[in-house]
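**Q** A single structure is presented below for examination.
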Amino acid sequence: LLILFSILVLNGGVVESSSNYLIGIGSYDITGPAADVNMMGYANAEQIASGIHFRLRARTFIVAEPSGNRILFVNLDACMASQLVTIKVLQKLKARYGNVYTKDNVAISGIHTHAGPAGYLQYVVYLITSLGFVRQSFDALVNGIEQSVIQAHKNLRPGSIYVDKGELLDAGVNRSPSAYLNNPVSERKKYEYNVDTDMTLLKFVDDEWGPVGSFSWFATHGTSMSRTNSLISGDNKGAAARFMEDWFDASSHGGMSYKINETATVPRGISDINTNARDKHYELLELAAGFESLTGKSSTRSARRLRRSNPNQGDRPKFVSAFCQSNCGDVSPNVLGAFCIDTGLPCDFNHSTCGGLNELCYGRGPGSDEFESTRIIGERQFKKAAELFNSASENLNGSLDYRHAYVDFSKLNVTILRDGGHTDVVRTCPAAMGFAFAAGTTDGPGAFDFTQGDDKGNAFWRLIRDLLKTPSKEQQDCHHPKPILLDTGEMKEPYDWAPSILPVQILKIGQLVLLCVPG
């Protein structure tokens, strides 16, 4: 999972617009198989796709110096990025553009929706519930990414990038607050909240056409749609992207300035299909059939809309807005908290159980059902992004740069500062999943008798574990106090169960730095 942290070095003043860069934006469909395929995220073998809530897209921006470096960033309406997908995309880009786009300057990230097709990663643990590799899922991602990059490359024109940052308080809560309290008091005092509430937005402005896109980063899970949902969906971030693109399109073509207020409603076509979905199944099917697929079409405005605006803007790229994922670790969009579905009472604070069972404890979103919750959390992100879009005035200036490295996380030396001021050097070890992992989270509880926070394990599941792989004493000591349920980092049959060598990447646009890290 490629998670993006944006670090903005504020320069204390507003810089006037100047075209330091070439900018290009692209967007393309990556929906993939919408029926009879397992969905990626909840690791629920029974979650099989049976239709589409709304389609998925790859959204791309390219920033280039006129005669120097360039960087390419792709945001996927998918659970996560995939090294296998990235390798194949880079092969296609090399065949088309030579060495212009490489592993060093190309970053691909997923929004972490749990409602997209599975089967496109190359490690066993990610392919168990999908019963292996799914070629259709893989091809849809690779082809969609390539096409979105082609659009962005063709659209490269002189332009400017503006940045702004703001606080969004009602789109994410900590789903493991008791775990957070185990952090030292000195650590917790550094932050006002137990989740990251900052949204950072980039506004892309073409010198001739004006605004052509926005990419924002904010931390909240793509789990407004539940583990029993069977409709392909971009969840709250995918919805936010649709809302913002429709809002800009309606505003610009209606002759209005780009305005939004607290009473504004999201554009029709998405909000209408989110509420009371189970009661309107056939109406939804009919409505969905009326949406025109954009697959295979260039990202330009239609002739019908052009006739209502400036007839000379036929080559202007369609506005693209991406809502990217950030440090979403334990940040849940189910903002009302976790409750027992049998009693309606809050779940156990420390273990997220109901009467000792994790299966009954679910996070509760702000809506009456998962469709409305998806709309509401998406709308909240959209409104904050629109606000930042309108207020963005700091111009990114300075050089483009990038760094990329593959790091073996299974054998890193780490220096730890101990009490008293002395230091110890410790070493990481191969990955392993603990008993608590199998309990899932309040966004998607696990099964059987597993519980969150379990540091003991039990004999029965150890017996089952040992049939697959018995962890060595060294491995158990390294992971202590976590009891090992699956020794994934050392399981190699029929091939690697989990990665150990992972990419770490830095992209720099003037005073903005994006840290791309596996999490």
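The values are calculated or read from the model by the stated rules, or taken from the named source; none is laboratory data. A quick note: this is a predicted structure, and the numbers were derived from the prediction, not measured. Heads up, the Cβs are rebuilt from the backbone with ideal geometry, glycines too, and the neighbour counts pull from every protein chain shown. Side chains included, ligands, DNA and RNA excluded: accessible areas come from the protein's heavy atoms. Shrake-Rupley method; radii C 1.70, N 1.55, O 1.52, S 1.80 Å.
**Q** When you count, for each residue, the other Cβ atoms within 10 Å and take the mean per peptide, how do 488-499, 206-217, 369-380 rank with the highest first?
**A** 369-380, 206-217, 488-499
**Q** In whole Hz and in residue order, list the ³J(HN,Hα) couplings for the range 383-398 that follow from phi through the Karplus curve 6.51 cos²θ - 1.76 cosθ + 1.60, θ = phi - 60°; x for Gly and Pro.
**A** For the range 383-398, the Karplus-derived couplings read 5, 5, 5, 5, 4, 5, 4, 6, 9, 4, 9, 7, 8, 6, 9, x Hz, x marking Gly and Pro.
**Q** When the chain is fully extended, how far beyond the present Cα-Cα distance does GLU493 get from ASP170, taking 0.36 nm per residue of separation?
**A** 111.8 nm
**Q** Can you pull the one-decimal nm distance between simple spin-label points at SER186 and LYS154, each 7 Å off the Cα toward Cβ?
**A** A separation of 5.7 nm, rounded to one decimal place.
**Q** I would also like to ask the following. Placing unit charges on C-beta atoms (Lys and Arg positive, Asp and Glu negative, everything else neutral), compute the dipole magnitude of the range 410-486 about its Cα centre in debye, rounded to 20.
**A** Result for the range 410-486 is approximately 260 debye, rounded to the nearest 20.
**Q** In addition: Can you tell me how the range 410-486 classifies by the Cα gyration tensor, rounded, prolate or oblate, using a/c under 1.5 as the rounded cut?
**A** Here the range 410-486 falls in the prolate category.
**Q** If you roll a 1.4 Å probe over the range 347-421 with all protein chains in place, what percent of the accessible area is carbon or sulfur?
**A** 48
**Q** Okay, moving on. When ranked by the protection proxy of mean other Cβ atoms within 10 Å per residue, highest first, what sequence do the peptides 418-427, 98-107, 187-196, 385-394 form?
**A** Top of the packing list down: 385-394, 98-107, 187-196, 418-427.
**Q** How much accessible area per residue does the range 410-486 have, in Å², with a 1.4 Å probe?
**A** 61
**Q** Find the relative contact order for the range 410-486 and round it to a whole percent, using C-alpha pairs within less than 8 Å whose residues are 6+ positions apart.
**A** About 30 percent, as a whole number.
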